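Structure, as structure tokens:
The values are calculated or read from the model by the stated rules, or taken from the named source; none is laboratory data. Source: prediction; values computed, not measured. Here the Cβ positions follow ideal geometry from the backbone for every residue, glycine too, while neighbour counts run over all protein chains shown. For the accessible areas, the whole protein counts, side chains as well, though only heavy atoms, and no ligand, DNA or RNA atoms are used. Shrake-Rupley method; radii C 1.70, N 1.55, O 1.52, S 1.80 Å.
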Amino acid sequence: MSNRVADILGIEKPIIQGPMSWITNAEFVAAVSNAGGLGILGPNAGQTTVTVSPEETAERMRREIRKTKALTDKPFGTTVIVDGDLKYTWPILEIIIEEDVKTVLLNGAEGTLTEKIVNPLKEANIKIIYRPLNPTLEDARAAQAMGVDIYVVTGFDEGGTLPTSIIRYIYDHAYDCRCARYSSRLCWWNW
């Protein structure tokens, strides 16, 4: 069951499990990956307590990544919520690169996706799925120019964080960009 998304991510089936912050853990993510989809560790994967330390947050993610690797040899991903001052973002990005995770899901508010974040991931050959809080055509083009592999366009029908504006416009134009004007590997879909 190959398609563009599966080919980009190196998975058998074009199924990407939502990161679901506190609900995911190594066992859950490995089960999805072992079944042919892409399991994704949420930002608080496997945790039962809150920490306010960026370093502790990153080390907890490292432990969950290692547990996942012990349960699967298939691709899986981790989530990074891009914060404005990058206080939490950088330690987690470093762990993802050190642990050789193959895919990262970047979640961010408008203006948080920068080459400073994308370039180290691309240099480490990590596939980037970018899910902005409020997708726009301009943001999609900027993500494409930076080398983002998959751009997620979500609406009010998805779970988790919801966009603050109606995005029908981008659905119409995203198709035009992919099919008529651009030839990159950037994919567009709605969950």
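Just a few scattered comments:
Residues are listed down the side, and each one gets a yes or a no for (1) within 19 Å of Leu41 (Cα to Cα); (2) free of Cβ contacts under 8 Å to residues at least 40 places away in the same chain; (3) of a type outside the set (Val, Ile, Thr):
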{"position": "Gly84", "(1), (2), (3)": "no, yes, yes"}
{"position": "Lys87", "(1), (2), (3)": "no, yes, yes"}
{"position": "Val101", "(1), (2), (3)": "yes, yes, no"}
{"position": "Leu113", "(1), (2), (3)": "no, yes, yes"}
{"position": "Pro120", "(1), (2), (3)": "no, yes, yes"}
{"position": "Ile126", "(1), (2), (3)": "yes, yes, no"}
{"position": "Arg141", "(1), (2), (3)": "no, yes, yes"}
{"position": "Tyr151", "(1), (2), (3)": "yes, yes, yes"}
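- Taken over region 50-68, the criterion of being more than 22 Å from Leu38 (Cβ to Cβ), touching a residue at least 24 places away in the same chain (Cβ under 8 Å) and open to solvent by 40 Å² or more (accessible area, probe 1.4 Å) is satisfied by Glu55, Glu59.
- Scanning region 32-47 for residues that are open to solvent by 40 Å² or more (accessible area, probe 1.4 Å) and touching a residue at least 24 places away in the same chain (Cβ under 8 Å) returns a single hit, Asn34.
- Looking only at region 69-87, and only at residues there that are open to solvent by less than 70 Å² (accessible area, probe 1.4 Å) and touching a strand residue (DSSP E or B) at 6+ places or on another chain (Cβ under 7 Å), the one that is nearest to Pro132 (Cα to Cα): Val82
- Failed item, numbered, when Gly108 is tested on (1) surrounded by fewer than 20 Cβ atoms within 10 Å (Cβ to Cβ); (2) at pLDDT below 90; (3) touching a strand residue (DSSP E or B) at 6+ places or on another chain (Cβ under 8 Å): (1)
- Here Lys122 clears all of (1) open to solvent by 30 Å² or more (accessible area, probe 1.4 Å); (2) modelled with pLDDT under 90 except the condition numbered (2).
- Looking only at region 137-153, and only at residues there that are out of contact with any Phe, Trp or Tyr (no Cβ under 6 Å at 6 or more places or on another chain), buried (at least 19 other Cβ atoms within 10 Å of the Cβ) and of a type outside the set (A, V, I, L, M, F, W, C), the one that is farthest from Thr112 (Cα to Cα): Asp149
- Residue list for region 13-30, restricted to those being closer than 28 Å to Arg60 by Cβ and open to solvent by 60 Å² or more (accessible area, probe 1.4 Å): Ile15, Met20, Trp22, Ile23, Glu27, Phe28
- Just so you know, in region 3-12 the residues that are in contact (Cβ under 8 Å) with a residue 12 or more places away in the chain and open to solvent by 70 Å² or more (accessible area, probe 1.4 Å) include one that is nearest to Pro75 (Cα to Cα), and it is Glu12.
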